[in-house]
Amino acid sequence: MKRVKFLYNPQSGDGKMRKQLDVVFWMYQKYGYQVDVLRLDENSQEMDLFPEPADTYDHVLIAGGDGTCDIIVNEMLARGIETPVAFLPMGTSNDYATYIGMTQNVEESLRQILTLPPQQMDLGKVNDRYFLNVFAGGYFTDFVQRTDNDLKTSIGYLAYVLKSFEVMRELRTVKVRITAKEAQYEGDMLFCTVFNGISVGRMKLAMESRGNDGLLDVIVLKTTQITELGPTLIKILRGDESALADPGVLFFQTKDVTIESLEPIPTDVDGEKGPELPVRIECASNRLTVLGVSAHL
Ligand SMILES: [Mg+2]
């Protein structure tokens, strides 16, 4: 009998997953799987999440947000567990799962996971740690973390618009040096983002991103004038791809980029606090086998 290891956090996304558990068991039973469940909670950090031999499972299913998926994927890869992985978007921010084509419809997402061919997907790697979706640096990006979670869930990007105006009042740029084979930049920036995925907090920025092209999408907002920034931000919020060609935006795709700054600045990796600069960010090409992928290939 095929076996799946299912890790879920009952708290994530306002307890959405709890109501969907029966759908998970029903679908796996239908497709001939035995389900081993691990319920994640505040004690999970000290727990051994994978005590069984590495080849025990046909795949691992993670229900949670980007942060939870990140932690588990890092844990697996650090221990040499190369089992295919599937993601159910059940957290507050689910940018990566959404990017690869998962939806809030658990039955449909599971059907994709259980029937589509596995795909070798890229991961981002900042210093020694893998990430699924995005690395961000700068005072401006810090608003994603500071935006109230309930607000984020209920009104989506409007929350960011409101927050952006608030942040603009405390606008602060930093001097950075960004070095890659494809581009170099030395000067002021509001924020820089290095995407493996396409969006942050549901806001689509890396509109040309592909999940297994061996490249990360680097987007730097270097504009310091509010008059220039306004139109660019509006385009970004509307998902208008032409924002990437605006004069205040630096956009390029690369396998490898280094970011340095003269002063310490806040960084964020998939919604969690990130490392201090300088950082080296690489694309770990085809690093993770992912199930159910139906978009951005
Ligand atoms: Mg890519």
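The values are calculated or read from the model by the stated rules, or taken from the named source; none is laboratory data. Here the structure is a predicted model, which means the values were calculated and not measured. Heads up, the Cβs are rebuilt from the backbone with ideal geometry, glycines too, and the neighbour counts pull from every protein chain shown. Ligands, DNA and RNA are excluded from the accessible area calculation, which covers all protein heavy atoms including side chains. Shrake-Rupley method; radii C 1.70, N 1.55, O 1.52, S 1.80 Å.
Only beta bridges with both residues in the chain are counted; by DSSP, about 70 percent of them are antiparallel. Peptides 107-114, 44-51, 236-243, ordered by how many other C-beta atoms sit within 10 Å of their residues on average, highest first, read 107-114, 236-243, 44-51. Taking amide H as placed 1.01 Å from N in the peptide plane, the amide H of residue 85 sits under 5 Å from that of 60, 289, 290, 291, each at least 5 places away or on another chain. Around the Cα centre of the chain, unit charges on the Cβ atoms of Lys, Arg, Asp and Glu (plus for the first two, minus for the last two) sum to a dipole of about 500 debye. Candidates 71, 97, 264 compared by Cα position along the dipole of the chain: farthest toward the positive end lies 97, with charges placed on Cβ. Ordered by solvent-accessible area of protein heavy atoms (1.4 Å probe), largest first, the residues 294, 93 come out as 294, 93. Evaluating 6.51 cos²θ - 1.76 cosθ + 1.60 at θ = phi - 60° for every residue in the stretch 76-86, the Karplus couplings come out as 4, 5, 4, 9, x, 8, 9, 4, x, 10, 10 Hz, glycine and proline recorded as x.
In whole angstrom, the stretch 169-297 maps to an equivalent ellipsoid with semi-axes of 24, 19, 14, each derived as √(5λ) from the alpha carbon gyration tensor and ordered largest first.
Summarising the overall dimensions of the chain from its C-alpha atoms, the Rg and Dmax are 19.2, 62 angstrom.
Here the accessible area is traced with a 1.4 Å probe on the protein chains. For the stretch 1-124, carbon and sulfur cover 48 percent of it.
Set Lys and Arg Cβ to +1 and Asp and Glu Cβ to -1, take the dipole of the chain about its Cα centre, and tell me which of 137, 286, 203 lies farthest positive. Selected residue: 203. For the chain, find the longest principal axis of its Cα atoms and tell me its angle to the long axis of helix 12-30, 0 to 90°, nearest 10. Once rounded, one gets 40 degrees. Accessible surface ranking for 235, 273, 1.4 angstrom probe, highest first: 273, 235. Under a 5 Å amide H cut-off, with hydrogens placed 1.01 Å from N, residue 64 pairs with 88, 90, 91 among residues at least 5 apart or on other chains. Proximity of backbone amide H atoms, modeled 1.01 Å from N, is registered between residue 2 and 34 at under 5 Å, excluding neighbours fewer than 5 places apart on the same chain. The residues of the chain present an accessible area of 45 Å² per residue when probed at 1.4 Å with all protein chains retained. To test your reading of the geometry: what angle, between 0 and 90 degrees and rounded to tens, separates the Cα axis of helix 157-169 from the longest principal axis of the chain? The angle comes out at about 30 degrees. Extension gain, residue 273 to residue 260, is 3.0 nm, computed as 0.36 nm per intervening residue step minus the present C-alpha separation. For helix 106-115, what angle does its Cα long axis make with the longest principal axis of the chain, in degrees from 0 to 90 and rounded to 10? Taking the Cα atoms of the chain, the angle to 106-115 is about 80 degrees. Please list, by residue number, everything in the stretch 19-38 whose backbone N is under 14 Å from a paramagnetic label point 7 Å out along Cα→Cβ of residue 56. Hits in the stretch 19-38 for residue 56 at 14 Å: 34-38. Taking 0.36 nm per residue of separation and subtracting the Cα-Cα distance, full extension of the segment from residue 46 to residue 182 would add 44.8 nm. Working note: Karplus 6.51/-1.76/1.60 with θ = phi - 60° gives the stretch 172-179 the couplings 9, 9, 10, 8, 10, 10, 10, 10 Hz, where Gly and Pro are set to x.
A simple charge model with +1 on the Cβ of Lys and Arg, -1 on the Cβ of Asp and Glu and nothing else charged puts the dipole of the stretch 222-282 at about 180 debye relative to its Cα centre.
Just to make sure I understand: if all protein chains stay in place, what is the order of 3, 39, 202 by accessible area at 1.4 Å, largest first? List each step's numbers first, then the result.
Numbers: 3 70, 39 115, 202 135 Å².
My answer, sorted largest first, is 202, 39, 3.
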